[in-house]
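Let me begin by presenting the structure, written as structure tokens, before commenting on it.
The values are calculated or read from the model by the stated rules, or taken from the named source; none is laboratory data. Keep in mind that what you see is a predicted model, and the values were worked out from it rather than measured. Methodologically, a virtual Cβ is constructed for each residue, glycine included, from the backbone with ideal geometry; neighbour enumeration extends over all protein chains shown. The area values use the complete protein model at the heavy-atom level, side chains included, leaving out ligands, DNA and RNA. Shrake-Rupley method; radii C 1.70, N 1.55, O 1.52, S 1.80 Å.
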2 protein chains.
Amino acid sequence: MLIDFSKILQFECQLDRENPIVVGVSGGADSMCLVDVLAQEKFPIIVAHFDHQLRSESSSEAEIVYRYAQERGIQYILGSEDVKTRAEMQRESLEEAARNARYQFLFQCAEDSGAQAVMVGHTADDQVESVLMHLLRGSGLDGLSGMAYCWLPNAWHAEIPLMRPLLSTWRRETLAYCEQRSIPTVSDPTNQDLSYFRNRLRLELIPYLETFNPALRKLIWQSAEVLRGDRDLIARLVDDAWRQVLVKQDAGYVAIDIDLSRDFSLGLQRRLMRRAIAQLRPSLRDISFDDVERGVEQIREMKPFAKIDIAAGLKLVLEPGFLWVAEWDSDLPTDMWPQVSSELSELEIGDTIALQSGWLLAAEKTEKTAVRFEPEGLDEDTNQAWLDLGCIKPPLLVRARREGDRFQPLGMQGQSQKLSDFMINQKIPRRARDRWPLVCSGRQIIWVAGYRPAESVQITPQTGQVLKLSLRRKNAEKQ
Amino acid sequence: MLIDFSKILQFECQLDRENPIVVGVSGGADSMCLVDVLAQEKFPIIVAHFDHQLRSESSSEAEIVYRYAQERGIQYILGSEDVKTRAEMQRESLEEAARNARYQFLFQCAEDSGAQAVMVGHTADDQVESVLMHLLRGSGLDGLSGMAYCWLPNAWHAEIPLMRPLLSTWRRETLAYCEQRSIPTVSDPTNQDLSYFRNRLRLELIPYLETFNPALRKLIWQSAEVLRGDRDLIARLVDDAWRQVLVKQDAGYVAIDIDLSRDFSLGLQRRLMRRAIAQLRPSLRDISFDDVERGVEQIREMKPFAKIDIAAGLKLVLEPGFLWVAEWDSDLPTDMWPQVSSELSELEIGDTIALQSGWLLAAEKTEKTAVRFEPEGLDEDTNQAWLDLGCIKPPLLVRARREGDRFQPLGMQGQSQKLSDFMINQKIPRRARDRWPLVCSGRQIIWVAGYRPAESVQITPQTGQVLKLSLRRKNAEKQ
């Protein structure tokens, strides 16, 4: 055991011998073994014992730990909380409340003492139990790969790691260690209480599973070890993909680029959906398989829909180019699109006006020779339009749409159509239509900014001077 | 169910309606349901029934399947083998023998009929059982992610996929389907025999696990579904990394670039080790956790060693730059290094001689002005050496080392040293030393090819003509 242990301290924990380590010590063989090995190896440790006030014996257990520390001149800190009351107040289960209170205490100690790490005595047996617990509750790779030797950032602290260097040591080895070195230990009688899920798993399920395969514990431990490597590989892959597809993010919403996401494999799409949901609901337990599948279906099949409610008060919104995951009642932003800031602005030729969110709209006179456009009169870059200035009466007006607006787009044969039909056909997102910038000459719409110019102002062999309209964003920032 | 089913046929199987599908039909509700849905959907199918000759009822079961096919005008093929005898002959377990005989028959039918796929009726229940079976036997991501809807290349064929479109349909749904449509089914009495591992798992273990969580089947099915996506992500990642690190491969060995591999994460190193072993032992079940760990330790810690035996008749060999996984008794190649092909060759100035495996050694006279070398007289490219031709007596001799050889390397102050010490210091691999090319002028070694020239022939301000020696490979192929 000790060979493995020191390898783990070296490779996985990378500890120094300068800064203290806060060791959570219940008094059981696991944590007593942990603290004793660390003391032998001359690490500067602080023994932190937490009294959950759940059992009458708990203060005498604290006493055993205290005496062990005092005899060896190790710093000792006692924490205490009425966990039962906490559970009621915070609506946590008793197990959750105990766990949360204990870890908050440990990380508070670590912060107060400038510690390099918090350590706890979870063993290989705890690892196996944890994997099986996750399996029974439904879990992906993260749960099935169990606990890590070093966890940072963790659920309690962004900078102080939680370390579990005994994860490759079996419980019986810690018992044998304590016995051999005559280290006093306490045994928690609630560990035998079968009304706890975890105890039933340890005392009943695992022995039963061992009738199928006596090597079960070791095999599950090895699986977790290997899966953890896979988990890290995937985490890096997902990080990269996430950076590629993330378009916008705020407290109330996340938007991903749906066109990019569509090219990814199903596995990666699922991971990205899960990540999007996790951004708004960091507690992963809330993310159901079905919610993820519903999101992925949107990425894959692109069925048009307005809004889908998913669990945990979130909604999915699909728009051309984006898939939003958002708080059910949050207003989604419009600042990735050009939107007019007032009902009506004048745009002099040679001038630029500001729209919302850094978008700029410019009009300039130019020579016909400078015109780069397709035979049909359409520029490839739809954020630029080239019009026959002779057909236009300055100043130009820039405005939002109005009841009854009609538009005759260039290159689409036929009569003028309702502007709203044009917007729907062009897939301008519904939310953006009301304030979409329209450039007008008098009452006539000559350019739906970023889309088509009007047929009536197209450049012909007879065109003399050319009007160039262009739409751009102030900073070439990622939207 | 049928909605899911046709989605799977569309997205996962991508079948056409031109080429036949060979459907393995035992006569149980699962396969009868499968074949009936496919017939309804107008896929061209061939019903293939295999009689394992293990039970007396088996021929009457074949009769039920035959009658079903005949009534509907579906092509029917009957296969048969004495599986018990096969198991004894091939030293397979009865389950293995039955499985192998059955799939060989199905893929033979598929090949004979030019089929686009072989399909079998595994259900969501089979998926859950398969995952649990892998868990109990010890498994990584591949086992825990269960069976795929479409498997290609598979264990039986490189080009015809094995498809399991019912993997998201529960067994009770297939039973209900058959009952509703009055489709006759047979039930195999050995499915109740608890002496089979799989039956005990289905009849005892799963119901017991459901006392911990009634939703267990669904949750495990969902886990497998998600893990399969992760498995595919990792497979692609490992493929990329494998292409990077693979240096040499043959029937008897695989060599990976250890310096590149060292930069990878532990998870990826494990995957690469497993891949290296799998190249020689394609049956993954043989690859133990410990063997993989031993290999990874070599990558990470670079403890010098000659050879380590790992399981399944394989050895690990560590050499500068390479980690070999090889058959225990195989000779490793030396063709990535320059090796002399005869004891002694003459090398005229202006000539090139061939060494082994496409390596070439050239000598040419050159002007001092063309010399590109560091002040110390050492070229950065150690495959080139620039020497003072005035100190050299042509013709040059190229030979292997001899007992008693000494060498005084350029730029390493001091006396000459034993050539063998120089080779050890320079980490020339042991296997390559005996035939490493040495360029000599008379009895003196003036260049250990690819390493340092001799001090005595170094270029000085007094040097007139320069001798350039160079070592290169005929084709710039990857070694």
Checklist line | Matching residues in the stretch B:461-479 - criterion: being open to solvent by 30 Å² or more (accessible area, probe 1.4 Å) and touching a strand residue (DSSP E or B) at 6+ places or on another chain (Cβ under 9 Å) | finding: B:Gln462, B:Gly464, B:Gln465, B:Lys468, B:Arg472, B:Arg473, B:Lys474, B:Lys478, B:Gln479
Notebook entry, point to check: Which ones in the stretch A:141-156 are in contact (Cβ under 8 Å) with a residue 24 or more places away in the chain and either in contact with a Cys (Cβ under 8 Å, 6 or more places away or on another chain) or crowded, with 20+ Cβ neighbours inside 10 Å (or both)?
Noted result: A:Leu141, A:Leu144, A:Ser145, A:Gly146, A:Tyr149, A:Cys150
Notebook entry, point to check: Which of the residues belonging to the stretch A:429-460 are among the charged types (D, E, K, R) and either surrounded by fewer than 19 Cβ atoms within 10 Å (Cβ to Cβ) or over 33 Å from the mean Cα position of the chain (by Cα) (or both)?
Noted result: A:Arg430, A:Arg431, A:Arg433, A:Asp434, A:Arg443, A:Arg452, A:Glu455
Checklist line | Filter pass, A:Glu159 being more than 9 Å from chain B (Cβ to nearest Cβ), of a type outside the set (Lys, Arg) and loosely packed, with under 15 Cβ neighbours inside 10 Å | finding: yes
Note to self: Could you go through the stretch B:264-271 and let me know if any residue there is out of contact with any His (no Cβ under 9 Å at 6 or more places or on another chain), open to solvent by 20 Å² or more (accessible area, probe 1.4 Å), at the interface with another protein chain (Cβ under 10 Å from one of its Cβ atoms) and in a loop (DSSP other than H, G, I, E, B).
What the structure shows: yes
Next item on the list: Please list, ordered by first then second residue, the pairs with beta carbon atoms under 6 Å, 6 or more apart or interchain, first in the stretch B:398-416 and open to solvent by less than 40 Å² (accessible area, probe 1.4 Å), second among the basic types (Lys, Arg) and in a loop (DSSP other than H, G, I, E, B).
Entry: B:Ala400/B:Arg435; B:Pro409/B:Arg452; B:Leu410/B:Arg452
Notebook entry, point to check: What helices (runs of 4 or more DSSP H) lie completely within the stretch B:32-123 and have 1 or more residues being of a type in the set (Phe, Trp, Tyr)?
Noted result: B:58-71, B:94-112
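Could you please let me know if A:Ala311 is in contact with an Asp or Glu (Cβ under 6 Å, 6 or more places away or on another chain) and either open to solvent by 20 Å² or more (accessible area, probe 1.4 Å) or farther than 28 Å from B:Lys218 by Cβ (or both)? Spell out the reasoning first.
Working: in contact with an Asp or Glu (Cβ under 6 Å, 6 or more places away or on another chain): yes; either open to solvent by 20 Å² or more (accessible area, probe 1.4 Å) or farther than 28 Å from B:Lys218 by Cβ (or both): yes.
Against the criterion (in contact with an Asp or Glu (Cβ under 6 Å, 6 or more places away or on another chain) and either open to solvent by 20 Å² or more (accessible area, probe 1.4 Å) or farther than 28 Å from B:Lys218 by Cβ (or both)), A:Ala311 qualifies.
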Margin query: Tell me whether the stretch B:243-262 contains one or more residues that are within 13 Å of chain A (Cβ to nearest Cβ) and either open to solvent by 50 Å² or more (accessible area, probe 1.4 Å) or in a helix (DSSP H, G or I) (or both).
Written below: no
Notebook entry, point to check: In the stretch B:314-354, what count of residues is obtained for those that are open to solvent by less than 50 Å² (accessible area, probe 1.4 Å), in a loop (DSSP other than H, G, I, E, B) and farther than 28 Å from B:Arg402 by Cβ?
Noted result: 1
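Can you name every residue in the stretch B:309-343 that is aliphatic (A, V, I, L, M) and over 20 Å from B:Lys468 (Cα atoms)? Steps first, answer last, please.
Going residue by residue through the stretch B:309-343, those that are aliphatic (A, V, I, L, M) are B:310-312, B:314, B:316-318, B:323, B:325-326, B:332, B:336, B:340.
Once the filter is applied, which keeps residues that are aliphatic (A, V, I, L, M) and over 20 Å from B:Lys468 (Cα atoms), the stretch B:309-343 yields B:Ile310, B:Ala311, B:Ala312, B:Leu314, B:Leu316, B:Val317, B:Leu318, B:Leu323, B:Val325, B:Ala326, B:Leu332, B:Met336.
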Checklist line | Flag for B:Ser26 being closer than 21 Å to B:Ser113 by Cβ and of a type in the set (Gly, Ala, Ser) | finding: yes
Next item on the list: Considering (1) within 14 Å of another protein chain (Cβ to nearest Cβ); (2) in contact (Cβ under 8 Å) with a residue 40 or more places away in the chain; (3) farther than 30 Å from B:Arg55 by Cβ; (4) open to solvent by 40 Å² or more (accessible area, probe 1.4 Å), say which one B:Ala235 fails and leave the rest.
Entry: (2)
Note to self: Against the definition (assigned to a helix (DSSP H, G or I) and open to solvent by 60 Å² or more (accessible area, probe 1.4 Å)), how does B:Ser26 come out, yes or no?
What the structure shows: no
Checklist line | Subset of the stretch B:205-220 that is under 37 Å from the mean Cα position of the chain (by Cα) and more than 9 Å from chain A (Cβ to nearest Cβ) - its residue that is surrounded by the fewest Cβ atoms within 10 Å (Cβ to Cβ) | finding: B:Ile206
Note to self: Can you tell me how many residues within the stretch A:30-61 are open to solvent by 10 Å² or more (accessible area, probe 1.4 Å) and out of contact with any Pro (no Cβ under 6 Å at 6 or more places or on another chain)?
What the structure shows: 19
Note to self: Here are the criteria: (1) open to solvent by 70 Å² or more (accessible area, probe 1.4 Å); (2) within 14 Å of chain B (Cβ to nearest Cβ). Tell me which single one A:Leu201 does not satisfy.
What the structure shows: (1)
Next item on the list: Only residues that are assigned to a helix (DSSP H, G or I) and within 9 Å of chain B (Cβ to nearest Cβ): list them for the stretch A:135-147, please.
Entry: A:Leu135, A:Leu136, A:Arg137, A:Leu141, A:Gly143, A:Leu144
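From B:Arg86, B:Arg91, which residue is open to solvent by less than 40 Å² (accessible area, probe 1.4 Å) and at pLDDT below 95?
Matching residue, one of B:Arg86, B:Arg91: B:Arg86.
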